[in-house]
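Student: I am attaching a structure below and will ask some questions about it afterwards.
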Amino acid sequence: MKKEKITLAITIAISCIALAFVMCMQFKIVNETDITSIETMRSTELQTELANWKSKYQEIEKEYDEVNSKINEYKTNSQENVQNGELLKKELEQVDMSLGKTDVQGQGIIITLRENGDETMKKITADDLLLIVNSLKLAGAEAISVNDERIINMTDIVNIADSFVKINGQRILPPYVIKVIGNQSYLESGLMGNGGQVDTLQKNGQDVSVEKVNKIKINKYSKDITYKYMN
């Protein structure tokens, strides 16, 4: 029993000595460690990390500026495209109006030619209508129709066997109603002045009247425009 107590005491003593030795070594390591060096190393790491984040931020900021620049460019191009589209639309509308492919309205005059039924008197012919139409064009007419047949550059006005007149391939009969959009004074003076076509017809006994109208509607040319020799 006494021997066992001695052995236990020796074991405890050895354990205490070992623990004291370890504690001494730890204190020595702490004392020998350069705290400033650790702080410096930590500060350097933080500076490096900060520099990395700053670099990433600059890259992101550059990408943002590039994207923003592209967005502004797209907006500018989009606005230009809209403006160009509107301009093109207006130009196409002008072309359609010039070709007679759209309904139009405006101020002008209406010329009515009636045959009085006198068989001894010369009938109103396609040539009479053609001379009136050409006089109106020279006077600045912007749109013309005869019995609602729109007159365009390719319109044909012809007599058919001295029986009736064809315009745009359509048979028309008197009275002939010619609607014209343009400056009323110019149009009227071009027809009614001395030597004008209406003046000549009236002097020959034809029943021709001219009326100024503030709002005239002229229908569009309803057929397809085709060309035989142009492509």
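The values are calculated or read from the model by the stated rules, or taken from the named source; none is laboratory data. The structure presented is a predicted model; accordingly, all values stated were derived computationally and were not measured. Here Cβ is always computed from backbone atoms with ideal geometry, including for glycine, and neighbour counts include all displayed protein chains.
Student: Give me the residue from the range 124-148 that is charged (D, E, K, R) and not in a helix (DSSP H, G or I) and, out of that set, farthest from the chain's Cα centre (by Cα).
Tutor: D148
Student: Then there is this: Can you tell me which residue in the range 191-225 is surrounded by the fewest Cβ atoms within 10 Å (Cβ to Cβ), limited to those that are among the small types (G, A, S) and more than 40 Å from the chain's Cα centre (by Cα)?
Tutor: G195
Student: Could you check how many residues of the range 172-182 are surrounded by 17 or more Cβ atoms within 10 Å (Cβ to Cβ) and under 22 Å from G140 (Cβ atoms)?
Tutor: Selection size over the range 172-182: 6.
Student: Okay, moving on. With the condition kept exactly as written, say whether any residue in the range 147-161 is crowded, with 22+ Cβ neighbours inside 10 Å and charged (D, E, K, R).
Tutor: yes
Student: For the range 107-125, give me the residue count where each residue is surrounded by fewer than 20 Cβ atoms within 10 Å (Cβ to Cβ), at pLDDT below 95 and at negative phi.
Tutor: Final tally of qualifying residues: 10.
Student: Could you please give the count of residues in the range 81-106 that are surrounded by 12 or more Cβ atoms within 10 Å (Cβ to Cβ), under 27 Å from L191 (Cβ atoms) and modelled with pLDDT under 90?
Tutor: Of the residues in the range 81-106, 6 are surrounded by 12 or more Cβ atoms within 10 Å (Cβ to Cβ), under 27 Å from L191 (Cβ atoms) and modelled with pLDDT under 90.
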